[in-house]
Amino acid sequence: MAAETATKEKEPLLAFGKKERTLLTDPLNDNNPITVQVLGICSALAVTSLVVPSVVMAIAVIFVCAFSSLFTSLLRNYIPKQVRMIVQLVIIATLVTVVELTLRYLNFPIYKQLSVYIGLIITNCIVMGRLEAFAMANKPWRSFLDGVGNGLGYGAILVMVAVIRELFGKGSLFAGSGIEMKIIGANAGYWINTTENAWFGWYANNNLMVLPAAAMFIIGILIWIQRSYNEKLVDIS
Amino acid sequence: MNSTRYVLIFVLTLTAVVAVMLTSLREATKTQAALNEEIFDKRAILKAVEDHLSGGAEVDDLSDDEVLSIFESNFEQSVIDPSGEIVDGMKAEDIDMAKEKKKPEEERVYPLYVYSPDESSDKFYIVSVRGNGLWDEIWGNIAFEEDLNTITGATFDHKGETPGLGAEIKDNPAFSADFKGTKIYRDGEYVSVTVRKGGARNETYEVDGISGATVTADGVTAMLYSGIKKYEPYFDKIRKK
C-alpha cells in the first residue's frame, strides 16, 4: 500500500511529459493509423466525399477512441482474457450509442445526415486496434491520450482526403453547412466562375472524385508523399 | 485464465450496467428527440410550399415554435384511403409512410396536407410519396397548386444514398427547385414528372437528372409516378366539386 502511494506521488495522475506528447503526435505522422497502419480504410473511403460529414465523423471517432481507451484501461485488470474482445466491443458500442443519442437530442438534422456513418464507428478497426494494442496494457491517462492521438491522426487524413474530393468533385468546400464555400463552378455565386472566366472555362467537376474509388487513389498518393519525405517509414530491407 | 464463473459474473454485470445507462439516457432524451424529429419532418413539408409562406419567409429562418404554430393554424390534415375517401378521425402527421409501404396496397392510407397561407388565398395540396433509391428508401413531399396539376414545390430525402451523387436529391436545392412549375397531366392524361438523364427535354414534364446518380433518379421518377397516382381518386373528387 505504501509503495503504491509512493509511485503515485512520483507520477502525477495527469502528467504531460515527453512521452505523453509522443502519444499524441506519433499517430499524426510516424504511426498514422490510415497511411502507416492502413486501418480504418473502409470508413475513410465511405464518408470522405464531403468535408462536413468527415469533420463530424472525425470528432465522433476521437470521442469514441479516447473514452473507450480510457474505460478499457480502467477495467484492464478485471477484464477476463477469454472474452476481452467482446467486452471491448460492448464499451465501443455503448459510446457510439451515446454519440447517436446525444446528436438526436442536440441536433437532429446532423443526426439524420450522419446516422449511417455513426454506426460505422463500431466497425472501425482503429478503435479496437488501439484497445487491444495499447489500452489493455497501459494506464488510463496514457490510454486516453493514445486514443485522442489516434483519433486525430485518423481525422486529419479524413479531412485532407475530403477537402481534395469535395473541391475537385463538387467545386465547393463545407457544402451543407452554414459556411459553404462555392469555389469552382458554372453558376453565378462561385468564386471562380467557369462560364465567365476564360482561364477556367475548360474545367468540369470530376465525377470520379465523388466515388469511393477516388479516396483509394488519394490515400495511395498521400502514403507515397509521406514516405518520400519521412525517412523513418522507408523500408530498407 | 479466469474461471467461467468469474467470466459470467463480469459479463452480466457489465451488460446490466451498460443497459441501465443507455436506457436511462434514451428515456431522458426521448421526448426532445421525438419533438426534434416531428419538427424536422414538418420543416420538410413546409419547404415544399416555401414560395407561399407569409411575408416571404424561408423555412430555414423559422424557429421551431414558428414551424409548429404554422402547422397549427394554416394546415388542414387529412388521411386518404385508396378509393379517394377521407378516413375519419385520423391526422396526416400520424401516418408513417414506411409502415404503410409494407401493408398490402388496398389497406394503405395516405397523408394529405392542405396549406392555406391566409383565408382568402389559394390552397396548396401536399402529398407524400415513398420509393426506392439505389441503396435504400427515398421519400418526398410534393406540393400542388389548386389546379391539382402544377407542382409548386418538392422536397426529397433518403436513407442511404451516396453522398455527392444520389444524396444530391436532398442536398442540392437546384434539384428540387427544378420541379417548380412542372405538370403531371399532359392533355388530360396522367404522365407524372420524369427525371431525365442528360437534361430535361420538355421542361413542363421533365427535370434534369443528376450525373452519376441514374439509379436514384430513376427511383425518383418511379416513386413520383406511382406515389402521386395514389392520390388521383381523391383529386378527381375535388375537381368534380
Can you tell me which residue is surrounded by the fewest Cβ atoms within 10 Å (Cβ to Cβ) among those in the stretch A:159-169 that are under 21 Å from residue A:110 (Cα atoms) and in contact with a strand residue (DSSP E or B) (Cβ under 8 Å, 6 or more places away or on another chain)? A:163
Look through the stretch B:199-228, keep the residues that are at pLDDT below 90 and more than 14 Å from every other protein chain (Cβ to nearest Cβ), and return whichever of them is farthest from residue B:153 (Cα to Cα). B:201
Look at the stretch B:47-78 and say how many of its residues are outside any helix (DSSP H, G or I), of a type outside the set (Ser, Thr, Tyr) and at pLDDT 85 or above. 4
Residue A:135 - would you say it is among the aliphatic types (A, V, I, L, M), within 11 Å of another protein chain (Cβ to nearest Cβ) and over 16 Å from the mean Cα position of the chain (by Cα)? no
Could you grab me the full set of residues in the stretch A:167-218 that are touching a Ser or Thr at 6+ places or on another chain (Cβ under 7 Å) and assigned to a helix (DSSP H, G or I)? A:169, A:200, A:207, A:210, A:215
Over the stretch A:113-137, the set of residues outside any helix (DSSP H, G or I) and either surrounded by fewer than 18 Cβ atoms within 10 Å (Cβ to Cβ) or among the aliphatic types (A, V, I, L, M) (or both) is A:136, A:137
Can you name the residue in the stretch A:172-184 that is out of contact with any Leu (no Cβ under 8 Å at 6 or more places or on another chain) and either modelled with pLDDT under 75 or within 11 Å of another protein chain (Cβ to nearest Cβ) (or both) and, of all such residues, is farthest from residue A:211 (Cα to Cα)? A:178
Residue A:87 fails exactly one of (1) surrounded by 18 or more Cβ atoms within 10 Å (Cβ to Cβ); (2) outside any helix (DSSP H, G or I), namely (2)
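Among B:173, B:104, B:111, which is farther than 13 Å from residue B:219 by Cβ, crowded, with 22+ Cβ neighbours inside 10 Å and out of contact with any Phe, Trp or Tyr (no Cβ under 9 Å at 6 or more places or on another chain)?
After applying the criteria, what remains is B:111.
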How about the stretch A:69-125: which of its residues are charged (D, E, K, R) and under 19 Å from the mean Cα position of the chain (by Cα)? A:100
When the residues of the stretch A:208-229 are filtered to those that are surrounded by fewer than 17 Cβ atoms within 10 Å (Cβ to Cβ) and within 14 Å of another protein chain (Cβ to nearest Cβ), which remaining residue is modelled with the highest pLDDT? A:213
Whether any residue in the stretch A:93-112 is among the small types (Gly, Ala, Ser), over 12 Å from residue A:154 (Cα atoms) and buried (at least 19 other Cβ atoms within 10 Å of the Cβ) is what I want to check. no
Exactly one of B:169, B:138 is in a helix (DSSP H, G or I) and within 14 Å of chain A (Cβ to nearest Cβ), and that one is B:169
Looking only at the stretch A:48-84, filter to residues that are part of a helix (DSSP H, G or I), within 12 Å of chain B (Cβ to nearest Cβ) and hydroxyl-bearing (Ser, Thr, Tyr); which one of those is farthest from residue A:208 (Cα to Cα)? A:72
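Here's the yes/no breakdown for (1) at pLDDT below 85; (2) within 19 Å of residue A:57 (Cα to Cα); (3) not in a loop (DSSP other than H, G, I, E, B):
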position	(1), (2), (3)
A:5	yes, no, yes
A:9	yes, no, yes
A:12	yes, no, no
A:16	yes, no, no
A:23	no, no, yes
A:31	yes, no, no
A:37	yes, no, no
A:43	yes, yes, yes
A:46	yes, yes, yes
Any residue in the stretch B:46-60 that is more than 19 Å from residue B:145 (Cβ to Cβ) sitting within a Cβ distance under 9 Å of a residue that is of a type outside the set (Lys, Arg) and assigned to a helix (DSSP H, G or I)? List the pairs, counting only those 6 or more apart or interchain. B:57/B:50; B:57/B:66; B:58/B:50
Inspect all residues belonging to the stretch B:217-238 and state whether any of them is within 30 Å of residue A:48 (Cβ to Cβ), out of contact with any Cys (no Cβ under 7 Å at 6 or more places or on another chain), in contact (Cβ under 8 Å) with a residue 40 or more places away in the chain and part of a loop (DSSP other than H, G, I, E, B). no
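Can you pull out the residues in the stretch B:79-101 that are in contact with a helix residue (DSSP H, G or I) (Cβ under 7 Å, 6 or more places away or on another chain) and without any contact (Cβ under 8 Å) to a residue 40 or more places away in the chain?
Correct list: B:79 only.
The values are calculated or read from the model by the stated rules, or taken from the named source; none is laboratory data. Everything numeric in this text was worked out from a predicted model, so none of it was measured. Glycine also receives a Cβ, built like all others from the backbone with ideal geometry; neighbour counts cover every protein chain displayed.
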